[in-house]
1. Among the residues of region 63-88, what is the count of those that are buried (at least 21 other Cβ atoms within 10 Å of the Cβ) and either within 15 Å of residue 41 (Cα to Cα) or not assigned by TED's automatic domain parsing to the domain that holds residue 25 (or both)?
2. Pairs only if they're at least six apart or on different chains, beta carbon under 7 angstrom, first in region 21-43 and more than 19 Å from residue 85 (Cβ to Cβ) and assigned by TED's automatic domain parsing to the domain that holds residue 67, second part of a helix (DSSP H, G or I) and at pLDDT below 90; list them, first residue then second.
3. Quick one: how many residues across region 164-182 are surrounded by 12 or more Cβ atoms within 10 Å (Cβ to Cβ) and either free of Cβ contacts under 8 Å to residues at least 12 places away in the same chain or touching a strand residue (DSSP E or B) at 6+ places or on another chain (Cβ under 8 Å) (or both)?
4. Just to be sure, is residue 91 under 9 Å from the mean Cα position of the chain (by Cα) and part of a helix (DSSP H, G or I)?
């Protein structure tokens, strides 16, 4: 597994594989390159499945969500913008949104009275989807405005669900530094998002 590393002398976070994943995604978007997609699938599918299971999905649900997420990656590859974040952030955001959609559907099905059943109002789903898409865009824009060292920690913690102690090990920095940078990053992110509304 390749992790981002922190270069203490230059105070820069290096991402050795992100350019490679961006290039693969670009090939999928431009030429529907199946080999490029297979490489993305092989790398991200197990990680997305693990993420889903940590969030409470059983193995079968997690597998279904992985399939849906990777189909979305195939069909929406042209929508990816490296200026808004990394490939992993984009893929995990897709997966997270699919999981939220599924939980909402399952929750609403629990309360459906079959005698009074009406077809769902697709406009409401479209409005929710649009609202969520706009919210994701706001968050991506806000993340792009905070320092990279803070952005990476927030993504690892909130998107990829990596514990702070594990982040400290991966980046080879003290746990206290992780916590303080996350607090600063979250505070900046909140202020930026508040100014957007």
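The values are calculated or read from the model by the stated rules, or taken from the named source; none is laboratory data. Quick caveat: nothing in here was measured; it's all calculated off a predicted structure. Methodologically, a virtual Cβ is constructed for each residue, glycine included, from the backbone with ideal geometry; neighbour enumeration extends over all protein chains shown.
1. Within region 63-88, residues that are buried (at least 21 other Cβ atoms within 10 Å of the Cβ) and either within 15 Å of residue 41 (Cα to Cα) or not assigned by TED's automatic domain parsing to the domain that holds residue 25 (or both) number 7.
2. Pairs that qualify, where the first residue is more than 19 Å from residue 85 (Cβ to Cβ) and assigned by TED's automatic domain parsing to the domain that holds residue 67 and the partner is part of a helix (DSSP H, G or I) and at pLDDT below 90: there are none.
3. Residues meeting the conditions: 8.
4. For residue 91, the condition - under 9 Å from the mean Cα position of the chain (by Cα) and part of a helix (DSSP H, G or I) - is met.
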